[in-house]
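See below for the structure under consideration.
The values are calculated or read from the model by the stated rules, or taken from the named source; none is laboratory data. This structure is a prediction, so every number in the text was calculated from the model and none was measured. Because the Cβ atoms are built from the backbone with ideal geometry, glycine has one as well, and the counts that use them run over all protein chains shown.
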Amino acid sequence: MTQRPIGITIISVLMIIGGLILIFTGITPLFIGPLISIDSDPSFGALGSLITIAGLTLVVLGIASLIVSWGLLKGKRWARTITLIISIIAIIIAIISLVSSGDLTHIISVIIYGIIIYYMFTDKVKLFFGKVKEPTT
């Protein structure tokens with residue numbers, strides 16, 4: 001296996017930070033949701049369930065982010081593929097948000113994820129993930 005490109009390390013560290021933020025953000029709703037559901041009013045019970053599900057979703061996404069970042073650090077092909085899929089989805093969402101809101105800050109997301117997609121297709125990254133053979137120079 002070749003040496004890990006520095007960009008992969010940077011992407012992985014950012015995904016680890018994002019994953020930890022998702023986990024810690026999701027923990028609070030996991031505790032608050034059931035407390036709201038205890039109330040006898042049915043409308044609050046539904047709200048509590050919704051809050052609990054949202055918290056659980058954030059925790060699961062955070063754990064998934066940590067797993068994918070580990071895969072990137074280890075040069076796992078599936079992690080590269082998942083990163084590409086997430087980046088493409090993020091660009092689509094950013095473009096839809098840009099068009100619907102007119103907020104130009106969404107261009108930043110398009111640029112960042114575009115750079116990630118481009119980077120994932122560079123020769124040294126493809127070599128690290130075993131998508132191409134060693135150059136015979």
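Filtered by the rule that a residue be more than 15 Å from LEU66 (Cα to Cα), in a helix (DSSP H, G or I) and of a type in the set (S, T, N, Q), segment 1-33 gives a lone residue, THR28. Selection of first residues in segment 74-88 that are over 20 Å from THR2 (Cα atoms) and without any contact (Cβ under 8 Å) to a residue 24 or more places away in the chain and of second residues that are aliphatic (A, V, I, L, M) and assigned to a helix (DSSP H, G or I), restricted to Cβ pairs under 6 Å at least 6 apart or on distinct chains, gives the following pairs, ordered by first then second residue: ILE82/VAL68.
The C-beta contact set for segment 44-64 (first residue over 29 Å from LEU14 (Cβ atoms), second residue surrounded by 19 or more Cβ atoms within 10 Å (Cβ to Cβ), distance under 7 angstrom, 6+ apart or interchain) comprises GLY48/GLY33; SER49/GLY33. Scan segment 79-95 and give yes if some residue there is out of contact with any strand residue (DSSP E or B) (no Cβ under 9 Å at 6 or more places or on another chain) and at positive phi, otherwise no. No; the residues of segment 79-95 include none that is out of contact with any strand residue (DSSP E or B) (no Cβ under 9 Å at 6 or more places or on another chain) and at positive phi.
Specify the residue that is modelled with the lowest pLDDT; the eligible residues are those in segment 102-129 that are in contact with a helix residue (DSSP H, G or I) (Cβ under 6 Å, 6 or more places away or on another chain) and of a type outside the set (Val, Ile, Thr). Filtering segment 102-129 for residues that are in contact with a helix residue (DSSP H, G or I) (Cβ under 6 Å, 6 or more places away or on another chain) and of a type outside the set (Val, Ile, Thr), the one modelled with the lowest pLDDT comes out as HIS106. Of the residues making up segment 76-89, not a single one is surrounded by fewer than 15 Cβ atoms within 10 Å (Cβ to Cβ), assigned to a helix (DSSP H, G or I), more than 16 Å from the chain's Cα centre (by Cα) and not basic (Lys, Arg). Taking the criterion of being surrounded by 14 or more Cβ atoms within 10 Å (Cβ to Cβ) and of a type in the set (A, V, I, L, M, F, W, C), the residues of segment 45-62 that qualify are LEU47, LEU50, ILE51, ALA54, LEU56, LEU58, VAL59, LEU61.
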